[in-house]
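Step one of this worksheet: look at the structure below.
Rule-based calculations on the coordinates, nothing more; no lab input. In this text, all values refer to a predicted model and were calculated from it rather than measured experimentally. All Cβ positions, even for glycine, are placed from backbone atoms using ideal geometry, and neighbour counts span all protein chains on display.
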Amino acid sequence: MNSTVNAATVATSTKADAAAAYPAVMRAVADAFEALTPEQWRLDTECTGWTVRHLAAHFLGAQEDVLSVPTVLWRRERGRRRHPHLSLLDAANEVQIADHAGLSTAELCRCVWAISSM
């Protein structure tokens with residue numbers, strides 16, 4: 001399902017409102033991941049070379065990075081070394097995926113759920 005939203009039509013919110021909504025958004029994402037079939041986890045996304053599973057691993061990694069400056073800095077450094085041909089952001093994203101490659105899809109979902117309650 002693809003949809004487009006014009007950002008100019010989205011009502012602004014306060015930081016407090018956004019922070020209050022964050023756990024519910026994270027739980028909704030976890031619910032969406034949990035509802036996927038094994039075939040859906042393997043589907044390609046609009047991100048070149050990424051499956052839905054890659055996207056979920058990146059999503060989890062991005063949330064971990066928001067919560068920990070040392071984690072994001074370490075991933076950027078590892079990304080720079082492992083993927084010198086990529087931008088710093090793309091290289092760090094690849095490290096996020098690699099860091100979660102050993103998790104089952106159920107474990108990925110549990111980790112997203114855990115972050116939603118922080």
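The figures follow:
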| read-out | value |
| --- | --- |
| Relative contact order of the chain, defined on C-alpha pairs under 8 angstrom at six or more residues apart (%) | 31 |
| Calculated [θ] (222 nm, deg cm²/dmol) that DSSP helices of n ≥ 4 give over the chain, each run adding -39,500 (n - 2.57) | -21000 deg cm²/dmol |
| Where labels lie 7 Å past Cα in the beta-carbon direction, separation of Glu46 and Val66 in nm | 2.0 |
| Unit charges on C-beta of K, R, D, E only; dipole of the chain, Debye | 360 |
| Inter-site label distance for Ser117 and Ala35 at 7 Å from Cα along Cβ, in nm | 2.2 |
| Label point 7 Å beyond Cα of Val5 along Cβ direction - residues of segment 46-89 with amide nitrogen under 15 Å | none |
